[in-house]
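Report on the following structure.
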Amino acid sequence: MEFKKLFEPIKIGPVEIKNRIVMAPMNVHMANADGSVSEQELCYYAARAKGGVGLIYYGCVLASQRAWEQHGLMIDSLFDPGRHMTGACDMAETIHHFGAKAFIQLSPGFGRQQRYWRTPLYSASGGIPMDAKLCEESTPDVLKPYMGVKPDIKLPYTNVPREMTVAEIKQDIADFIKAADLAIVAGFDGVETHSPHGYLLHQFLSPRTNKRTDEYGGSLEKRARFLLELIEGLRDHFGPDLPISVRLSGAEHVEGGITPEDMRKTAKLCENAGANVISLSDGCFEAFRYFFPEKENTHILEEQGKKLKKVVDIPIISFSIHDPELAESAIASGQTDMISMGRQLIADPEWPNKVREGRIKDIVRCQREFACLASLYREGGIRCIMNPNVGRERYMPEYWPQKRSVRIPETLARVRGIKQTYTVSPTTGRKLKILDQAP
Ligand SMILES: Cc1cc2nc3c(=O)[nH]c(=O)nc-3n(C[C@H](O)[C@H](O)[C@H](O)COP(=O)(O)O)c2cc1C
């Protein structure tokens, strides 16, 4: 089979992605203990960029100190000027050096979906904890031993949240935009909202968890208001040239939760508010098998992607497609514009290069057996049963960038309206090339 469509470039806003292959956001728990980017993390991402993927989502990264203080899942990255900025610059530069574009997934937090808390939790509405029975039933057995990492918590997720105040929502939006601004200065090409999977923004979208009676609850439009104000805030701040990606669960798959139709309406509202791409995922912690499909995700293509494409005019990304032939045919038949994969690129970072070169038999296939998640749940860096190099990429010189660019990052030049830019020799500091137009 020829893989023509898979290797066709595509634009997200003004940014061109060289092919249709996306690395889904995955927190790999390799950051330094203070939330900053580590050398290991850089080399892990370098390996994936070198493997030929077109677009890498880095994250999720917590967008505020408050979200960081609340976090009880094993998320480790934080966007805090002074702590994170140097590493963020390194991250964007490294991904670019190896030939991919870099978007950052920013999160205002996880709300009630946490295994334990450091400070009391808040959610869209107070008094609605997670359904621990659903969590336990839907979690694969291999992950169960790690669910309550803290010895005193036997049943995770049962923490009862309070309702978030309007002032806190406004503060979250302001912090998110500040974090996005830093990310663009650091060199990222675009920003994604962490709004799927039952986390805080999803809790606002869902009629099951949002029972508010103010302007952030009630109708679908009002439940989407937090997310829409975030998107509009980004658009106001950056103008038309910032690629904004919105990640949504195709459905909640729990009674009374977000339906596929709700998702489509929300996606359209996001497009109208200024989003440039919708990245589909699915489920939540109470519907885990949709969140982490155990086989090729034809469901997302057939049931959700295809219908979503009729509703929105911006590109969509469909997730958990590991089979090259399925990926090619899904794009060729118009079920999706791009495909994303997470665990498959952990197992084999060279998947895109191997497909491009027709070396399909050489692909190391992800077994979808959750070893990566089990290591993450244990609160260690991720591991993979198929790829012993995961977590050791820092010892592999092929992933050390050799040349360091000092060019003004593409999106930064656009959103700041910089018309003239240049490259500088890394050794002498002399200007090498004047470009009339920023890229
Ligand atoms: C270790 C790990 C961490 C993840 N972290 C995130 C995250 O921070 N944000 C997010 O939107 N999805 C996250 N995901 C979900 C993936 O983006 C992806 O949707 C999921 O793994 C299913 O796709 P796959 O079958 O190709 O892995 C994570 C997945 C894994 C395996």
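The values are calculated or read from the model by the stated rules, or taken from the named source; none is laboratory data. Remember, predicted model here, so these are calculated numbers, not experimental data. Neighbour counts are summed over all protein chains in view; Cβ atoms, including those assigned to glycine, are modelled from backbone coordinates with ideal geometry.
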Within region 351-380, considering residues that are more than 10 Å from the ligand (Cβ to nearest atom) and closer than 19 Å to residue 41 by Cβ, the one surrounded by the most Cβ atoms within 10 Å (Cβ to Cβ): 378
Among the residues of region 286-303, is there at least one that is assigned to a strand (DSSP E or B), buried (at least 24 other Cβ atoms within 10 Å of the Cβ) and in contact (Cβ under 8 Å) with a residue 60 or more places away in the chain? no
Looking only at residues in region 29-46 that are within 15 Å of the ligand (Cβ to nearest atom) and surrounded by fewer than 21 Cβ atoms within 10 Å (Cβ to Cβ), which one is nearest to residue 85 (Cα to Cα)? 35
Could we say that residue 278 is in a loop (DSSP other than H, G, I, E, B), more than 11 Å from the ligand (Cβ to nearest atom) and assigned by TED's automatic domain parsing to the domain that holds residue 136 here? no
Criterion violated by residue 252 - all others in (1) crowded, with 23+ Cβ neighbours inside 10 Å; (2) within 16 Å of residue 338 (Cα to Cα); (3) not aromatic (Phe, Trp, Tyr) satisfied: (2)
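Residue by residue, here is whether (1) of a type in the set (S, T, N, Q); (2) under 23 Å from the mean Cα position of the chain (by Cα); (3) modelled with pLDDT under 90 holds:
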{"residue": "355", "(1), (2), (3)": "no, no, no"}
{"residue": "383", "(1), (2), (3)": "no, yes, no"}
{"residue": "407", "(1), (2), (3)": "no, no, yes"}
{"residue": "417", "(1), (2), (3)": "no, no, yes"}
{"residue": "434", "(1), (2), (3)": "no, no, yes"}
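Checking the condition among the small types (Gly, Ala, Ser), more than 14 Å from the ligand (Cβ to nearest atom) and in contact (Cβ under 8 Å) with a residue 24 or more places away in the chain, which residue from 334, 342, 283 passes?
334
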Which number in (1) surrounded by 24 or more Cβ atoms within 10 Å (Cβ to Cβ); (2) of a type in the set (Val, Ile, Thr); (3) touching a residue at least 60 places away in the same chain (Cβ under 8 Å); (4) part of a helix (DSSP H, G or I) marks the one condition that residue 266 misses? (1)
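Rundown of residues vs (1) within 16 Å of the ligand (Cβ to nearest atom); (2) within 12 Å of residue 108 (Cβ to Cβ); (3) buried (at least 24 other Cβ atoms within 10 Å of the Cβ), yes/no style:
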position: 168; (1), (2), (3): no, yes, no
position: 183; (1), (2), (3): yes, no, yes
position: 191; (1), (2), (3): yes, no, yes
position: 207; (1), (2), (3): no, no, no
On the given criteria, is residue 127 on the phi > 0 side of the Ramachandran plot, more than 16 Å from the ligand (Cβ to nearest atom) and at pLDDT below 85? no
